[in-house]
Amino acid sequence: MRGHGASRVGTVRQAIPLRKHCLPHTFPEAEEMIYYGADYYPEEWPRGRWARDAELMQQAGFNLVRLGELAWSRLEPEPDRYDWAWLDDIIALLHKHGIATLLGTPTTAAPPWIVDLDPEVTLVWEDGTRSSYGYWSNYCVSSPVFRERSRRIVEAMARRYADNPAVIGWQVDNEFGVMGRARCYCDRCRKAFQRWLRARYGALEALHSAWGATFWSHEYSDWAQIPAPRRTTGPHNPGLLLDWARFCSDRTLEFARMQCDILRTLAPRQLLTHNLLAAQFTHLDNYRLSELFDVIGWDNYIAAEHPEAGALSHDAFRSCKRRSFWVLEQQCGAKFWAPYTALPRGAVRLASYQGIAHGADAILFFRWRSGLIGAEQYHAGILPHDGRPGRTYEEVRDLGQELARLGSALEGTLPRAEVALVLSYESLWALEQQPHHAALGDPWRYYDAIYRCLLEQHIPVDFVPPVADLTGYRLVIAPALFVLAPAAVENLTRYVEAGGTLLATVRTGHKDAHNRVVDAPFPGLLAPLLGVTVREFSSRPAGDLTPVAIAPAWGGGEAPADTWCEWLEPVEAESVARYAGGLFAGEAAATWRQAGRGGAMYLGAMGDALTAQLLGQLLARAGVRPPVEVEAAWPVEVAVREGTGRRIVFLLNHSGEARSARLGFRGRDLLQGSEVTGTVELAPYGVRVVEAV
Ligand SMILES: [Zn+2]
């Protein structure tokens, strides 16, 4: 390593405390400061520019920069010939400016020589065509060459940088699952799928039974006959499709684990992370993937335009490891894949604060400067194409100064939720295969009205897998828990009987672990706990609204159902709402059952207002209240980080108009240093950070 004199090490150590989480597996719940920086591609720029960039980064308050994740050809120009000099130099230069490095393993963008070594290294799509070499992230992890070359470059990088004091950790690969990457339909993946099935089922008879292979004569006489579910004349067997989704998630996990194992062995003092796509992308089981890493990160390209979707993703990733998370790519301007739309002044600061409010303790912007070369030329950076600092740089620099003041105030704080949303990847995968309605092709649709309602009421929420420990949650919501395993039913039953409140919604309990419809009235294994069975169900055409009358004990009035309606037959439950027209007129649309010391609602119809009213009633019954009292209507968001007796309240105005919020507490504005109470003003896209006193 060049350029790492003792004085430089001292400079960085002083600027960036050697945090406890640099030692793997010994994390405090929160950190004493925020990592702040950008993703930088020195390989795209002349060396003569690097020093200017480092100066500007330092002036913007950066303490962390991500390097290298797209630079494989510069690190290994030809197989086994490495060139570290440029990376050594830029790490040292940033180090000199008080900026640490997060190194990306570069396996998301392989050099062309990989195709010379394996002409079949690229992905095969569902229609059987093979991706051309080009773009990025289109390599098949079943390629022995790709795996071996990935192993070698990661080992070589780890040996080179494990003891570099400026390198705090590693981002393993980049955006697993992006662009369909997790599902390759090549013959190697097909063979791997067959081996995976053999390990899972042992005998073909067991597989036939699990999948119901007698249907359409799909009984196999040899494991080698089992297809990858490439496009055919219609849908594949549901059992095959669900196992394929599991296998593909496992396959990516296996590739990630290979890299993590190398880094844990060779670079044990550096942390490991990964930048997932938004939570709404569901080809991977993010709970299991997160287990590989010390801290999980995600790339935020949605919050600036869809703040409610950004909030959901933040909550989902905080929930993965029940600790703070990182935003490893924060959008800071127009995106190259959408209409080129500049962000309004204040939007970058606002989106960054939203992440911090939901538990992020690192914000890295993508990217430092708009590129002059490559397919992402029109993806806006902090600096524009000409490299001159403009309004985005000023916004980022000002935010850096604010975060330097704010960091210590956030120590030991995170959002604390009393409401949990159950998230089952197997259910999402199965629902995606059988949406039964054009509006339900995205299974997150089942979460939208519920999450939005909680967000608007300023109520924090965690996401949990179906078998998570639910102790401490006042309300657990399980939207469309389509694939239902006995362990989940036992968990939810135990929770309710111990005093918890459960809300289950449409399409719950239809499927067993093999994606077979259960041989019992819906909601299947949950019917005894919910005290209700489903007689019939139907999707509703777009625009078709069915009136639902809500019982006076649940607020009364009427609210429309749309998209999906179920005719419920209470067995040991009371009717909470009835259809006042339509296909199931007079029948129950929602029920409530007191069970043990708790209770459970089944909501058999979709509809935003209907959901909001019944959820509001459940929140009140369960005693769930926002952590602080603030009167503010969406698009003003209120999010709270709590801990060590402190409550830090973030007021986020997601609109281009000035808004106000009325505080029900006295506080101190941590950015302005002033005492605040009563009504506070929020500028367009403005943020206030108030500590309740
Ligand atoms: Zn493949």
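The values are calculated or read from the model by the stated rules, or taken from the named source; none is laboratory data. These numbers come from a predicted model, not from an experiment. Reconstructed Cβ throughout: ideal geometry from the backbone, glycine too, with neighbour counts over all protein chains shown.
For residues that are part of a loop (DSSP other than H, G, I, E, B), surrounded by fewer than 22 Cβ atoms within 10 Å (Cβ to Cβ) and under 26 Å from the mean Cα position of the chain (by Cα), tally how many sit in the range 382-412. Let's see the steps before the verdict.
Of the range 382-412, the ones part of a loop (DSSP other than H, G, I, E, B) are 382, 384-390, 411-412.
Okay, now just the ones that are also surrounded by fewer than 22 Cβ atoms within 10 Å (Cβ to Cβ), so 384-390, 411-412.
Add one more test, that the residue is under 26 Å from the mean Cα position of the chain (by Cα), and what stays is 411-412.
Result for the range 382-412: 2.
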Within the range 40-129, helices (runs of 4 or more DSSP H) holding 1 or more residues that are of a type outside the set (D, E, K, R) and within 18 Å of LEU328 (Cβ to Cβ): 47-59, 85-96
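Those residues that are buried (at least 19 other Cβ atoms within 10 Å of the Cβ) and either within 16 Å of the ligand (Cβ to nearest atom) or more than 21 Å from GLU126 (Cβ to Cβ) (or both), I need them from the range 198-212; list them, please. Reasoning before the result, please.
Here is the first cut: in the range 198-212, the residues buried (at least 19 other Cβ atoms within 10 Å of the Cβ) are 207, 210-211.
Listed by number, the residues that qualify are LEU207, ALA210.
When the residues of the range 426-475 are narrowed to those that are aromatic (Phe, Trp, Tyr) and assigned to a loop (DSSP other than H, G, I, E, B), which ends up farthest from the chain's Cα centre (by Cα)? Walk me through how you get there before you give the answer.
Going through the range 426-475, the residues aromatic (Phe, Trp, Tyr) turn out to be 429, 444, 446-447, 451, 463, 473.
If we keep only those that are assigned to a loop (DSSP other than H, G, I, E, B) too, we end up with 444, 473.
Working: TRP444: 12, TYR473: 21 Å.
If we take residues in the range 426-475 being aromatic (Phe, Trp, Tyr) and assigned to a loop (DSSP other than H, G, I, E, B), then TYR473 is farthest from the chain's Cα centre (by Cα).
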Among the residues that make up the range 299-306, is at least one of them farther than 26 Å from LEU431 by Cβ, part of a loop (DSSP other than H, G, I, E, B) and in the same structural domain as LEU343 (by TED's automatic domain parsing)? yes
Looking at the range 177-192, can you tell me whether even one residue there is more than 16 Å from the ligand (Cβ to nearest atom) and either closer than 22 Å to ASP80 by Cβ or modelled with pLDDT of 95 or more (or both)? no
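Could you please let me know if ILE153 is within 16 Å of the ligand (Cβ to nearest atom) and surrounded by 18 or more Cβ atoms within 10 Å (Cβ to Cβ)?
no
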Take residues that are touching a residue at least 24 places away in the same chain (Cβ under 8 Å) and either among the charged types (D, E, K, R) or in contact with a strand residue (DSSP E or B) (Cβ under 9 Å, 6 or more places away or on another chain) (or both) and tell me which of the strands (runs of 3 or more DSSP E) falling wholly in the range 647-693 contain 3 or more. 659-669, 687-692
The one condition ALA100 fails out of (1) modelled with pLDDT under 95; (2) in the same structural domain as PHE366 (by TED's automatic domain parsing); (3) not aromatic (Phe, Trp, Tyr) is (1)
Flag for TRP170 being surrounded by fewer than 21 Cβ atoms within 10 Å (Cβ to Cβ), touching a residue at least 60 places away in the same chain (Cβ under 8 Å), away from the ligand (no atom under 16 Å from the Cβ) and within 27 Å of LEU263 (Cα to Cα): no
Inter-residue pairs, beta-carbon under 8 Å, first basic (Lys, Arg) and in the range 604-628, second in a strand (DSSP E or B), 6+ apart: ARG621/THR501; ARG621/GLY599
Within the set of pairs 6+ apart or on separate chains, which have a first residue in the range 223-237 that is in contact (Cβ under 8 Å) with a residue 60 or more places away in the chain, a second that is assigned to a loop (DSSP other than H, G, I, E, B) and among the acidic types (Asp, Glu), and C-beta atoms under 8 Å apart? PRO229/GLU126; ARG230/GLU126; ARG230/ASP127; ARG231/GLU126; ARG231/ASP127
